[in-house]
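The values are calculated or read from the model by the stated rules, or taken from the named source; none is laboratory data. Remember, predicted model here, so these are calculated numbers, not experimental data. Cβ sites come from the backbone with ideal geometry, for glycine too, and all protein chains shown count toward neighbours.
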Amino acid sequence: MELAYTPEENAFREEVRGFIRANLPADIQDKVLNGKHMGREDYLRWHRALHKQGWVAPNWPAEYGGTGWTPVERHIFEDEAAEAGAPPVIPFGVTMCGPVVIRFGNDWQKQFFLPRILSGEHVWCQGFSEPGAGSDLASLRTKAVREGDNYIVNGQKIWTTSAHIADWIFNLVRTDPAAKKQQEGISFLLVDMKTPGVTVRPIVTMDGGREVNEVFFDNVKVPARNLVGEENKGWTYAKFLLGNERTGIARVGASKRELKRLKEIAANEREGGRPLVASPRFRDKIASLEVELMALEITNLRMIAGMRDGKGPGAESSFLKIKGSEIQQRLTELAMEAVGPYAMPFQREALEEGWNEEPIGPDYAAPLAPHYFNYRKTSIYGGSNEIQKNVIAKMMLGL
């Protein structure tokens, strides 16, 4: 089943395809399609191409550099980019911090930060989770004390994705220790990663990757003008940001690409002398997953349409986060199942640029184990799925 599109929307799809063919570097496309690791410059090369076209921030209002696309056009772009093997734009600036600055920031912050986010001059990371304050962000202990025209920040953040390549970090900090933890006393502060006292330490994940980090703040002096909105109102801004983040975490386009790849693997693998895709048992698993992905896509479209009309993200974003992460994990599980024993070798080095060794099994088997392990995190980051179920219970059922 395919969604029906108008002639104008189909023409837009052709425009997107033409742009991608002309601007997506072949080496970056190869890394995305074959699951290889990418560096900061890989992401920024594609970011700059999108910025030159005016397409880097579909979720921003047009007056701040957004595309002015309809929800369907935005969906079409994400679909085509993912299928073609374009990398996602690093989300922390464009998808998360930018919208917060647009909604709650002052004129100076908009004039200084927004153009640099759009151009890629500033790469951002997210300073929310802490030891002892993961899904329960309101328990955070990193503090910021006002001293004249500055805040002095002390504390630690953890699981900070892309901190090792970031220029700036948006931080939740405690500015009033006596306030109610769930509602007040937390502020939203923008910190230059080059400021003295900021230390980044990598965390090696179970797939051997180093994309997440610990970030330490030791008497870091931050100009008070980097405070977004009002002091002690940061929890409100964080909830707004998380709604945008959880929408993107659904990753519908990327999952559709991986579903297509799964079908190709199943067509190449054999069971009992015939292609695995001909097995009723395995075919049913693929069909069930495809139905769930179609339902997720339609829900995502409804969410985007509501946001375009000015409706803030609600409980729907939690639905998208839960189901999107479950589908992503299931795709890696079925790919592992499809190749059988060839999924067992852990060839993380095969994901690095310049690796030319003989693979164990078919070429497509090398990244499957690293991806399986890496995608265990999807049900945890952005607010664990258990927390999202509590959000749904409270917002939808009044529990």
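At a glance:
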item: Residues (without any contact (Cβ under 8 Å) to a residue 24 or more places away in the chain and surrounded by 14 or more Cβ atoms within 10 Å (Cβ to Cβ)) located in region 384-399; result: Asn390
item: Residue in region 331-352 that is loosely packed, with under 15 Cβ neighbours inside 10 Å, hydrophobic (A, V, I, L, M, F, W, C) and either in a loop (DSSP other than H, G, I, E, B) or at pLDDT below 85 (or both) present; result: yes
item: Contacts under 9 angstrom Cβ, first residue in region 107-129 being under 20 Å from Thr236 (Cα atoms) and buried (at least 22 other Cβ atoms within 10 Å of the Cβ), partner charged (D, E, K, R) and at pLDDT below 95, 6 or more apart; result: Gln126/Glu245
item: Residue within region 145-168 that is touching a residue at least 12 places away in the same chain (Cβ under 8 Å), closer than 30 Å to Tyr372 by Cβ and among the aromatic types (Phe, Trp, Tyr) present; result: yes
